[in-house]
Amino acid sequence: MNELERIEALASHFGAAGPGVRVGIGDDAAVFEAGKGALVWTIDAQVEGTHFKTEWVSWEDIGWRSFMAAASDLAAMGAEPAYALSALVLAPSVDDAALDALARGQAAAARTVGAPVIGGNLARGKETSITTTLLGRAEKPIARSGARPGDGIWLAGDVGLAAAGLLALMHGVQDARISAALEAWRRPRARIEAGRELARSSAVTAAIDVSDGLARDADHIAQASHVSFVFDRDRLLAHGGASLITTAGTLGRDALDLALYGGEDYALLVTSAAPIPGFSRIGDVEALEPGGARLHTRGPEGKLPLEPRGFDHFA
Ligand SMILES: Nc1ncnc2c1ncn2[C@@H]1O[C@H](COP(=O)(O)OP(=O)(O)OP(=O)(O)O)[C@@H](O)[C@H]1O
Ligand SMILES: Cc1ncc(C[n+]2csc(CCOP(=O)(O)O)c2C)c(N)n1
Ligand SMILES: [Mg+2]
């Protein structure tokens with residue numbers, strides 16, 4: 001079973017969530033009613049060998065990026081971060097200095113996001129992993145399921161740059177022209193402020209953070225909302241700007257491919273009937289045609305179907 005099939009199999013054990021749960025399994029975070037508003041709850045693990053290698057990043061960066069990856073799911077719900085818990089499994093290679101650096105990175109990210117770490121757990125293990133839970137508040141949480149034909153597709157933050165940084169690290173490429181890509185992978189930023197804009201807008205219909213790649217994450221919205229996505233190739237490339245083009249060129253990769261299939265930038269992908277400050281428009285939501293593809297690109301050749309591939313832990 002691939003990742004989605006495994007999640008579906010797990011969800012079948014847990015059954016339907018009871019009353020009071022506004023968003024259950026299948027979105028960026030769970031949402032439950034709490035007093036007048038709602039609380040938004042997310043968890044994310046970063047595992048050595050799966051999400052990072054210590055040859056590539058400092059422990060401080062590992063702490064930072066693991067916290068930001070978790071916080072990004074709150075941004076994608078339009079939530080205001082409140083508090084965090086951190087569960088660490090430490091392999092013998094993590095000495096006291098490494099642990100100190102790891103926590104320093106987590107604490108810096110927690111300060112930036114505005115969600116202090118107020119607890120956690122510590123255990124020894126064969127492989128190091130960092131699991132972060134964040135709790136946030138939202139009056140109007142944004143799920144994946146509300147996109148409608150006629151909405152625009154909007155993006156805040158880079159796409160493709162972090163994947164380029166990862167490629168450079170994997171292949172040992174050293175070149176001053178890819179420093180922005182390395183920084184994007186090592187020090188991603190959860191788009192909390194962009195998430196606040198979603199909460200302020202009444203035109204926003206759906207949102208997701210781009211962790212597995214734009215195409216795959218867009219497909220999650222398209223599937224949940226029963227709509228089709230049409231990405232405008234020129235607008236997407238313009239959004240990436242000179243930085244993406246230069247990086248792609250240096251690595252001998254296609255810039256559009258990096259933008260569509262690269263993950264771990266933690267950009268916010270949103271559907272909305274009106275512009276949102278800080279977001280640029282990269283396409284249109286259309287009606288899903290029976291038997292038609294859920295994803296497309298539009299370019300000089302017209303509208304072409306796009307494969308929803310991206311990162312899958314079990315593919
Ligand atoms: N073991 C599990 N038990 C119950 N639900 C799960 C489990 N693993 C994942 N889920 C749920 O499945 C959905 C997809 O999970 P996933 O971790 O892929 O989240 P995501 O937001 O798509 O990815 P990312 O964390 O990279 O942003 C989420 O709603 C999550 O809560
Ligand atoms: C050693 C190593 N190999 C591959 C990758 C690429 N990668 C791992 S997980 C992931 C998606 C987001 O994770 P998740 O879905 O768990 O939130 C991506 C793109 C990496 N970061 N490190
Ligand atoms: Mg997510």
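When the chain is treated as a Gaussian network with alpha carbon springs shorter than 10 Å, the biggest mean-square fluctuation among ARG281, ARG191, ARG298 belongs to ARG298.
Could you give log10 I(q)/I(0) at q = 0.13, 0.16, 0.18, 0.19 Å⁻¹ for the stretch 14-143, computed by the Debye formula over C-alpha point scatterers of equal weight, without solvent? Normalising to I(0) and taking log10 leaves -0.55, -0.77, -0.92, -0.99. Given the stretch 152-305, what whole percent of its Cα pairs are spread farther than 19 Å? Of the Cα pairs, 51 percent sit more than 19 Å apart. Counting 0.36 nm for each residue step from ARG111 to ALA34 and taking away their Cα separation leaves a gain of 25.2 nm.
Highest GNM mean-square fluctuation among ARG148, ARG65, ARG235, for the chain modelled with Cα contacts below 10 Å: ARG235. Here the dipole of the stretch 3-138 is about 380 debye; that uses its Cα centre as origin and unit charges on the Cβ of Lys and Arg (positive) and Asp and Glu (negative). For the chain, the gyration tensor built on C-alpha atoms gives an oblate shape. Its axis ratio a/c (a ≥ b ≥ c) is at least 1.5, and a/b is not larger than b/c. Between ALA107, ALA184, ALA207, the Gaussian network model of the chain with springs among Cα atoms under 10 angstrom shows the greatest mean-square fluctuation at ALA107. Ordering GLY136, HIS296, ILE7 by the projection of their Cα atoms onto the charge dipole of the chain, which places +1 on the Cβ of Lys and Arg and -1 on the Cβ of Asp and Glu, puts GLY136 at the extreme positive end. Counting only the Cα atoms, the stretch 1-68 fills a convex hull of 109 Å³ per residue. Sum -39500 (n - 2.57) across every DSSP H segment of at least 4 residues in the chain, then divide by the residue count to get the 222 nm mean residue ellipticity, nearest 500. Helix-only estimate at 222 nm: -11000 deg cm²/dmol. Over what distance in Å are the Cα centres of the stretch 219-247 and the stretch 24-102 separated? Spelled out, the Cα-based centre of one part sits 26 Å from the other.
GluC sites (Glu not before Pro), restricted to the stretch 208-315: which are DSSP loop and have at most 12 other Cβ atoms within 10 Å?
GLU301
Would you work out which of GLY125, ALA147, GLY114 lies farthest towards the positive end of the dipole of the stretch 104-156, given +1 charges on the beta-carbon of Lys and Arg and -1 on that of Asp and Glu, about the Cα centre? Final value for the positive-end residue is GLY125. Could you name the lysines whose alpha carbon sits less than 25 Å from that of LYS53, not counting residues in the same chain fewer than 8 places away? Counting by Cα, and skipping residues close in sequence, LYS53 has these lysines nearby: LYS126.
Test of understanding: extend the Cα→C-beta vector of THR50 to 7 Å, then name every residue of the stretch 165-188 with backbone N under 13 Å from that spot. Inside the label zone: nothing. A simple charge model with +1 on the Cβ of Lys and Arg, -1 on the Cβ of Asp and Glu and nothing else charged puts the dipole of the chain at about 580 debye relative to its Cα centre. ILE25 sits among other residues whose Cβ lies under 15 Å from its own Cβ, and their net charge, with Lys and Arg +1 and Asp and Glu -1, is -4.
Across the stretch 256-280, the residues whose backbone nitrogen lies under 19 Å from the label position 7 Å along the beta-carbon direction of THR246 are 256, 258-259.
Which shape class applies to the stretch 130-187: rounded if a/c is under 1.5, otherwise prolate when a/b exceeds b/c and oblate if not, where a ≥ b ≥ c are the square roots of the Cα gyration tensor eigenvalues? Oblate, because a/c is 1.5 or more while a/b does not exceed b/c. Considering the options ALA70, ALA16, VAL47, tell which one lies farthest towards the positive end of the dipole of the stretch 16-111, charges being +1 on Lys and Arg and -1 on Asp and Glu at the Cβ, about the Cα centre. Result: ALA16. Where the centroid of each part is defined by its Cα atoms, how far is the stretch 292-315 from the stretch 155-216 in Å? Computed from Cα coordinates, the inter-centre distance equals 19 Å.
Any read-out appearing in this document is the output of simple, stated calculations on the displayed coordinates, not a laboratory observation. None of these values were measured; they are calculated from a predicted model. Cβ sites come from the backbone with ideal geometry, for glycine too, and all protein chains shown count toward neighbours.
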